[in-house]
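Each remark here refers to the structure printed beneath this line.
Just so it is clear, none of the values below were taken in a lab; they were calculated from the coordinates. Remember, it's a predicted structure, so these values are computed and weren't measured experimentally. Please note: Cβ atoms are built from the backbone with ideal geometry, for glycine as well, and neighbour counts cover all protein chains shown.
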């Protein structure tokens, strides 16, 4: 289940910077950034299908408007005259289990269900009794269908990546409706968690991907909203 994240650039300023067993210059010249991200998080070269689904997830995670918690924190920091690094850092610090990071905990749940270490019925019941939100379900804007989640699940199906984890997320949704009477949509975190489990990623990698993508979106917010200050 868990894949250790080992790839890193090692540079003692004497020998060439290395990425895994190859020189970083060679890697940088011959593969896309999405491929580098995939290889960093999985310790393997991705297939064309795996890279395509990760690329889609990165694009979808890039931004969700100025009202999102991370964007709000960055915009507030801009108003306070903070630097780009400081402003983006404040935005990234808002990423947690409820904003961008819900995929990680859900991945752990999905792996346990697959390995028969956890029953869906028990998981849903425990969350309801404890008043906890089930990660991967519901959204403050999308009440019926999260189009981003649908896009991920549809593309995964088209790429024939396997539906096991996608089906598990849908079963959690159905069980939650059965026990609570609330019909919440599978959100983008749920679809991403299922896709990442299909790829065999470490749960921590789910949050890492969101941080990588959202950093670019927050950079754009900073540039677009502080133009008059330059």
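A few comments on the model shown:
- Segment 137-183: equivalent-ellipsoid semi-axes (sqrt of 5 x gyration tensor eigenvalues, Cα, Å): 21, 15, 5
- The relative contact order of the chain, computed from alpha carbon pairs under 8 Å that lie at least 6 residues apart in sequence, is 27 percent.
- Label sites at residue 220 and residue 114, each approximated as a point 7 angstrom past Cα along Cα to Cβ, lie 3.1 nm apart.
- Using alpha-carbon coordinates, inclination of helix 33-42 to the longest axis of the chain, degrees: 60 degrees
- Computed helical MRE - 222 nm, the chain, DSSP H runs ≥ 4 contributing -39500 (n - 2.57), nearest 500: -18500 deg cm²/dmol
- Global form of segment 95-230, assessed from the alpha-carbon gyration tensor, a/c cut-off 1.5: prolate
- Alpha-carbon Rg/Rh ratio, for segment 44-98, with Rh computed the Kirkwood way: 1.15
- Ranked from largest, the principal axis spans of the Cα set of segment 1-150 equal 59, 49, 27 Å.
- Angle between the chain longest axis and helix 48-61 axis [Cα atoms, degrees, rounded to 10]: 90 degrees
- Taking 7 Å steps out from each Cα toward its Cβ at residue 150 and residue 164 produces label points 2.8 nm apart.
- Per-residue packing, averaged as other Cβ atoms within 10 Å, sorts the ranges 196-207, 75-86, 19-30 into the order 196-207, 75-86, 19-30, beginning with the highest.
- To the nearest ten degrees, helix 203-225 and the longest principal axis of the Cα atoms of the chain are 60 degrees apart.
- Relative packing of 51-62, 133-144, 117-128, which averages over residues the other C-beta atoms within 10 Å, highest first: 51-62, 133-144, 117-128
- Theoretical FRET efficiency, 1/(1+(r/R0)^6), r = Cβ-Cβ of residue 132 and residue 23, R0 41 Å, to 0.05: 0.30
- Label-point separation, residue 183 to residue 47 (7 Å along Cα→Cβ), nm: 3.5 nm
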